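Just so you know, all these numbers are worked out from the coordinates, no wet-lab data involved. Note that the coordinates shown come from a computational prediction; the quantities given were computed from them, not determined experimentally. Please note: Cβ atoms are built from the backbone with ideal geometry, for glycine as well, and neighbour counts cover all protein chains shown.
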Amino acid sequence: MATLLLGVVYFLLATPIGWLSRLLHDPLSRRRSRRTVSYWIVPAGRADAPGERSRATRITS
Amino acid sequence: MSELILGVSAFYHDSAAAIVRDGVPVAAAQEERFSRVRHDSSFPARAVGYCLDELGVSLPDVSAIAYYEDPRLKFRRVLATLIGAAPTGFASFRETIPGWLGTGGKLDALGNVRRELASLGRGPVPGIVARRHHESHAASAFFPSPYDSAAVLCVDGVGEWATTTLWHGRGTELTSLAEIRFPHSLGLLYSAFTYFCGFKVDSGEYKLMGLAPYGEPRFAELILERLIDVKPDGSFRLNMGYFAYLRGQVMTGRAFEKLFGGPRRTAEGPLTQREFDLAASVQKVTEEVMLRLARTARDRTGESVLCLAGGVALNCVANGKIVESGIFDEVWVQPAAGDAGGALGAALAVAMTNGARREHTGRGRDAMSGALLGPSFTSAQIAAYLDGRQIPHQRLEPGDLPGAVAAELASGRIVGWFQDRMEFGPRALGARSILGDARDPSMRSAMNLKIKFRESFRPFAPAVLASEVKDYFDLGQESPYMLLVAQVAAARQVPVTDTGATGIDLLRVPRSTIPAVTHVDGSARVQTVTADGNPGFHALLTAFRERTGCPVLVNTSFNVRGEPIVNSPHDAYTCFMRTNIDTLVMGDFVLHKSEQPPWSEESDWRSEIPLD
């Protein structure tokens, strides 16, 4: 039963989303480019972005 | 009033707990040492209990619990990966998703931590704080380091999204500068070759590193052409067409097999020249990437010292290449560089956020206490164990112990050395060690086959008095945590005659005056020992040097293959009796094998310890 439910979710929901996202962009940045100078990502806008001190997220208390 | 932060890493591999007091690590241990399950991934209940007991506190005395990664962010990565692989990854989806969802699922890791802590009966559970996986690594690398400021590089398989991160550490702050994200991972590239060569992922990577010197890196160019695109600044992307970990529970697929001439080696199958060459090749590529990353770290931060953490920082050959390159004046590697160290890093990160200071840097020393952060046993406790079981032993005066043990070692005996607090991290550093004479050409095979029961290709590591390291090794800095490889000094090398040996037989060819710790390429994984870092072990090495003129001993972990390093006197005595260790030294107590009663067990213990 669980496998059937997971199959429904996977093939009717995850698969179309996966196809669509791969059509529109490169969600896992799989493409390589000889012309690209660097693959580094600057984590801008995050709590631990350059110049900003990282902060803890209090999840429970 | 001191502030205590308890760090926890759990539910993946190498679960651990650590406590920091006002930003200083005071207790830390991996759960495997208590549960006796290697790389134990379960909640580290016993490690937490030990940390609390070590300080004589309970949970209400702790200001916060720090968890080593963000489970929600990690789940988003898992989900994105599974969706990205659809429709080819249903088997992986079916196996993975149920483990994340529902009560007790990994998505509720923080709730699970809360429930597990509450079940310990140690009082109300304080607030739980999640830090990102690589932030925990970076904090473990920089905050306990001896530097006021440093470049920080973290390289591992994967946590949430990041697989490689570059940071700038200054004072009590860490600034994230750049990162590389999953699925592109140097750690997973190395693990893919580990898997392909028939070793266990997240466990056998160090075996692949040990195998590399037997081979020629004839596949290195192929790896760089087909598998990984490395830019001059060290950033990289993998060609995912060759890897299977996006869509399944294995690392490599048919394309990988086609590229490297056939299917993967089966576990425990014969090692062939192909595995030697694959190991040499991926090791060479890893070193090249690490060197480029180190240069970028230097350029981006302007710092002259580097701190390293993450599983790839356990690749001590690559670490040694960074030191040798001179890119940095000095390199410091967190001794628990893998995920166990995440518990410590998360706790340190929270402590610094809460205003802790790093006073140890003023003393020019790191804050790791020689990584001796685990349990210790008093003479009374050891005596109670020995007397309770009527185990024959002698007790020596503490001042007589180094000389007596040095004499045993000099006469060729193999000694189990159980002293002080247990090490935190994967290396035995002279607290839970098996020791031998590094000058003895037969020591390596004796230890491999009669003591450790492990593969004969694996080399042993030397512990050397720090004051004499340059006489024996080409190493320009200290290596207290056995995480740097260096060449044996030319003055200690001996001419190698062409014996016609190939493959693993090369290890039998003496290459130096300390053959038991010299690998086939003339290298050694060095541990430097100081009186500050480990006074008892330093006294033993000094006594051995006085007796023999040699300040070097073989130092390998006190365990057999597949078993965690021993923790308690019982663990040590059991390992002593199961193996051909000649002498066991626990505290001031000396036990000789020849005086022990016959050892018997109901079943074959070797069948009960899974191979690593």
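For the pairs B:K74/B:K207; B:K74/B:K284; B:K321/B:K470; B:K207/B:K450, flag any whose C-alpha to C-alpha distance is greater than 22 Å. Intermediate values should be presented prior to the final figure.
Numbers: B:K74/B:K207 28 Å; B:K74/B:K284 31 Å; B:K321/B:K470 17 Å; B:K207/B:K450 19 Å.
Where the Cα-Cα span goes over 22 Å, the pairs concerned are B:K74/B:K207; B:K74/B:K284.
How large is Rg over Rh for the stretch B:207-295, taking Rg from the Cα atoms and Rh as the Kirkwood inverse mean of 1/r across Cα pairs? Mind dumping the intermediate values first?
Working: Rg = 13.5 Å, Rh = 13.9 Å.
With Rh from the inverse mean 1/r over Cα pairs, Rg/Rh is 0.97.
Expressed in whole Å with the largest first, what are the equivalent ellipsoid semi-axes of the stretch B:404-489 derived from the C-alpha gyration tensor as the square root of 5 times each eigenvalue?
Working: eigenvalues 84, 54, 45 Å².
In descending order, the three semi-axes are 20, 16, 15 Å.
Highest average first, the peptides B:329-341, A:16-28, B:121-133 ordered by how many other beta carbon atoms sit within 10 Å of their residues are B:329-341, B:121-133, A:16-28.
When shorter helices are ignored and each DSSP H run of at least 4 residues is given -39500 (n - 2.57), the per-residue value for chain B at 222 nm works out to -9500 deg cm²/dmol. Taking every alpha-carbon pair in chain B and binning the separations at 10 Å intervals from zero gives 3, 17, 28, 29, 18, 5, 0 percent. Using the Cβ-Cβ distance between B:E225 and B:A531 with R0 set to 41 Å, the FRET efficiency works out to roughly 0.20. Annotation: average projected area of the stretch B:347-448 is 10.4 square nanometres, based on the convex hull of Cα atoms across all directions. Think of the protein assembly as shown as having a plus end and a minus end, set by charges on the Cβ of Lys, Arg, Asp and Glu; of B:V62, A:W19, B:C154, A:W19 sits farthest toward the positive end of this dipole. With the charge dipole of the protein assembly as shown set up from +1 on Lys and Arg Cβ and -1 on Asp and Glu Cβ about the Cα centre, the Cα lying farthest toward the positive end among the listed residues B:I83, B:H570, B:A531 is that of B:I83.
Each distinct pair of alpha carbons in the stretch B:58-143 adds a 1/r term; the inverse of their mean, the Kirkwood radius, is 14.8 Å.
Where does the charge balance sit around B:R357 when Lys and Arg score +1, Asp and Glu -1, over other residues with C-beta under 14 Å from its C-beta? Numbers along the way, then the final one.
Working: positive: B:R21, B:R170, B:R358, B:R363; negative: B:E3, B:D22, B:D148, B:E173, B:E359.
Charge balance in the 14 Å sphere: -1.
Kirkwood analysis of the stretch B:379-608, using all unique Cα-Cα pairs, places the hydrodynamic radius at 18.0 Å. Taking every C-alpha pair closer than 8 Å and separated by at least 6 residues, the mean separation divided by the residue count of chain B gives a relative contact order of 16 percent. Membrane-span-like helices in chain B, defined here as complete DSSP H runs extending at least 20 Å along the helix axis by their C-alpha atoms with mean Kyte-Doolittle hydropathy no lower than -0.5, are B:71-85, B:340-353; this is a sequence and geometry rule, not a statement about a membrane. Beta-bridge orientation, the stretch B:379-608: approximately 75 percent antiparallel, per DSSP, counting only bridges with both partners inside.
Taking the Kirkwood radius as Rh and the Cα radius of gyration as Rg, the stretch B:14-95 has a ratio of Rg/Rh equal to 1.15. Electrostatic tally near B:Q30: other residues with Cβ closer than 9 Å to its Cβ, Lys and Arg +1, Asp and Glu -1, net -3. Restricting the calculation to alpha carbons of the stretch B:1-154 gives Rg and Dmax of 17.0, 57 angstrom. Note on the stretch B:479-592: along the principal axes its Cα atoms extend 46, 32, 27 Å, ordered by decreasing extent.
On the principal axes of its alpha carbon atoms, the stretch B:180-332 extends 45, 29, 25 Å, with the longest extent given first.
Quote the FRET efficiency, to the nearest 0.05, computed for B:E359 versus B:D329 with a Förster distance R0 of 22 Å and r equal to the Cβ-Cβ distance.
Details: r = 23 Å, r/R0 = 1.03.
After rounding, the FRET efficiency stands at 0.45.
Over the protein assembly as shown, all Cα pairs binned in 20 Å intervals from 0 give whole-percent P(r) values of 18, 54, 26, 2, listed from short to long.
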